[in-house]
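The values are calculated or read from the model by the stated rules, or taken from the named source; none is laboratory data. Please read all numbers here as calculations on a predicted model, not as lab measurements. All Cβ positions, even for glycine, are placed from backbone atoms using ideal geometry, and neighbour counts span all protein chains on display. Just the protein is used for accessible areas: all its heavy atoms, side chains included, with ligands, DNA and RNA removed. Shrake-Rupley method; radii C 1.70, N 1.55, O 1.52, S 1.80 Å.
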Amino acid sequence: MFRRTPEDPAIVAARAAANRESAAAEVERARLVAQLDREQQEANAEHTRRQAIADEQERRRREAARRIDRAEASARRRKARAMFLAKLRPVLPLLLINGGAAYAQAAYAYSEIAPAAWNGPSRVAFAVAFSLALESIAVYVQWHAHDALMLKAHATAASLRRAAWGIAAVVAAINYAHFANGIAPTAAAIAFALLSLLSPWLWGLHTRRAQHVQLLAEDASLIDDAGVEFSPKRRRMFPIRSLMAARWSIEHNERDPRKAWDGYNAERAARAAARQADKAIRAEKITAPPTADPTPEVPEHAEPVTPTSVAPVREPVRPARVTARSLTASERVVAAHIADPTAPHGQIARAANVSVSTVKRHRPHPEIGSPFRPDAAATTVNGTPVEVAA
């Protein structure tokens, strides 16, 4: 009974093979699970690394953006400070002058006008308010004059400037009376009176500068040019000629010093040639013999009359008057031709400030067939032929 029935070897072998396959499958499953765990850990580590890189890049981007914002804000603050200083620089002396005048008014109001029964802070507040009110009147009117001039209301600006000067004179008189010894002047009286009186003049300087800057920004041609500026050495060597050349440049709107100097000298030479021509014409008129009177008609039965020779009466020679006048186009052409007889028509036209056709019409020409020489050409001044000396 207790005896086991022997199993079939094939069944045993099959069972053993099944167990081996099951063990191999379990081992493979464990390997795959371990590999999956490793891959999951690697993926998690890669994700963590990439996330850290992304976070670092985002942090750096935000830091760079903050640096850019800080730099832009700093640049804006620097620009605002520069603009403020640029606006403050021209008016700072004016503010100091008005502040000095206001201090004088405040000191006098504190010691002489404010009631002695008031406490110290009340008297100080009253003195400051009094000085600011008194000194700001002329400044306020001058500010309106500045605004009117910037808006191109020149008549309004002029009337307001005159009013500001009148108010400043009154305030200066008050300042003088506060610190003078009766009517005798003192240093403080003169100083504080000048501070109040000169305020409109200094504000006018600032206004004219601002208007000049405005005209430059709109159109530089709107500014009236004061002519050329010659070197100090030229002005010392030729004081009168430099002054006249500067005057010539203003009249002819010339800004080049060399062109202005050459143009004035050419006009000066032309005037000298015209004076010489006038003298020659007057000399010819004086030395010319008088025209004989026509023979009077003689009646048929009249007795013959022997004519008597009459000596010609010569007029006294009068000195020629030299009057300053503007040169005509022909005179300028003649002067330019005298300065450079061999120059082409275009150069003569530029030197005389005329057209080429005018040069061709008025420039002296040599006789046909003769060489072009200054001494062979006959010039015309106001329609009168004049010999040009070589």
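Points to keep in mind about this one:
- Using the average count of surrounding beta-carbon atoms within 10 Å as a protection proxy, the listed peptides 201-212, 7-18, 94-105, 230-241 rank, highest first, as 94-105, 201-212, 230-241, 7-18.
- The protection proxy used here, the mean number of other Cβ atoms lying within 10 Å of each residue, ranks peptides 122-128, 245-251, 330-336 as follows, highest first: 330-336, 245-251, 122-128.
- Size-normalised alpha-carbon gyration radius of region 6-107, reference 2.2 N^0.38 Å: 3.31
- Gained length - Ala188 relative to Ala80, 0.36 nm times residue gap less alpha-carbon distance: 35.0 nm
- Whole-percent carbon and sulfur share, accessible surface of region 136-209, 1.4 Å: 74
- Region 1-48-region 245-289 distance, computed between alpha-carbon centres (Å): 128
- Charge sum, other residues only, whose C-beta stays under 12 Å from Ala43's C-beta, Lys/Arg counted +1 and Asp/Glu -1: -1
- Per-residue Karplus couplings for region 113-118, computed as 6.51 cos²θ - 1.76 cosθ + 1.60 with θ equal to phi - 60°, are listed in order as 9, 5, x, 5, 6, 6 Hz, Gly and Pro entered as x.
- Pairwise label distance in nanometres, Leu216 with Asn253, each label 7 Å out on the Cα-Cβ vector: 2.2
- Segment His206-Ala73, extension gain: residue separation times 0.36 nm, minus the distance between their alpha carbons: 44.8 nm
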